[in-house]
Amino acid sequence: MGTVTLGVSIAVPEPYGSLLQERRAGFGDPAAHGIPTHVTLLPPTEVDSSLLPAVEAHLASVAAAGRPFTMRLSGTGTFRPLSPVVFVQVVEGGSACSWLQKRVRDASGPLVRELQFPYHPHVTVAHGISEEAMDRAYEELSEYRAEWTCASFSLYEQGADAVWRKLSTYAFGGGISGVPSQGAPVDDHVTTL
């Protein structure tokens, strides 16, 4: 059957998601429109396609144990010089993201994997572009603020066109809703999402 490249993330809702995606494109990041705005829970991970039902059951179980939480973004940060990334900081909700990503990658589930770098929840706004453009992203979004109640996360698959498409959304406290294929979040800030 082959393999698929999957990712799990929390979508940044509207109007914030589109605004940050447009800003990312405006800074010259060519991947901006294939990677809608998100906070990563599982970086791009290659999985045997036959495991997709087990992955979906595992994620439904993780979501069932979760509860909605406040997510607040404020200001910018960077992983430079270690990685060419500028991001908007998660200043509230980070501990819930950490809890979720650990359970998504749990050793008893089908998505077990080690991370290349310690987990750090964030929203990428520039990746792998010129230093000048990354400096501009860092400065221009330094006063950025957003807040919402996070009530779900989603599973995405990366297509051959490098665009990430939503497969399913998992609401906290249980429940899964199939979502039509469309561009959706997942990126790799340093080969980690």
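Bear in mind that the values in this text are calculations on the coordinates, not laboratory data. A quick note: this is a predicted structure, and the numbers were derived from the prediction, not measured. With ideal geometry, Cβ positions are generated from the backbone for all residues, glycine too; neighbour counts draw on all protein chains shown.
For region 1-56 and region 138-175, what is the separation of their Cα centres, given in Å? After rounding, the separation between the Cα centres reads 7 Å. Indicate the gyration tensor shape class of region 86-152 (rounded, prolate or oblate), computed on the Cα atoms with a ≥ b ≥ c the square roots of the eigenvalues: a/c under 1.5 is rounded; otherwise a/b larger than b/c is prolate and the rest oblate. Here region 86-152 falls in the oblate category. The calculated FRET efficiency for L19 paired with A57, based on their beta-carbon distance and R0 = 25 Å, is about 0.10. Distances longer than 31 Å among the Cα atoms of region 3-178: what percent of all pairs is that? Within region 3-178, distances greater than 31 Å cover 12 percent of Cα pairs. Applying both filters, DSSP loop and at most 12 other Cβ atoms within 10 Å, to the GluC sites (Glu not before Pro) of region 17-117 gives E114.
Which listed residue (W99, G159, P81) has the Cα farthest towards the positive end of the charge dipole for the chain, taking +1 on Lys and Arg C-beta and -1 on Asp and Glu C-beta about the Cα centre? Farthest along the dipole direction, towards plus: W99. The dipole here belongs to the chain: it is taken about the Cα centre, uses +1 on the Cβ of Lys and Arg and -1 on the Cβ of Asp and Glu, and is about 540 debye. Neighbour counts of other Cβ atoms within 10 Å put I10, I129 in the fewest-to-most order I129, I10.
Just to be sure I understand: with springs between alpha-carbon atoms less than 10 Å apart, which residue in V163, V91, V12 has the highest mean-square fluctuation in the Gaussian network model of the chain? Highest fluctuation among the options: V91. For region 1-98, a/c is not less than 1.5, where a ≥ b ≥ c are the root eigenvalues of the C-alpha gyration tensor, and a/b does not top b/c. That puts it in the oblate class.
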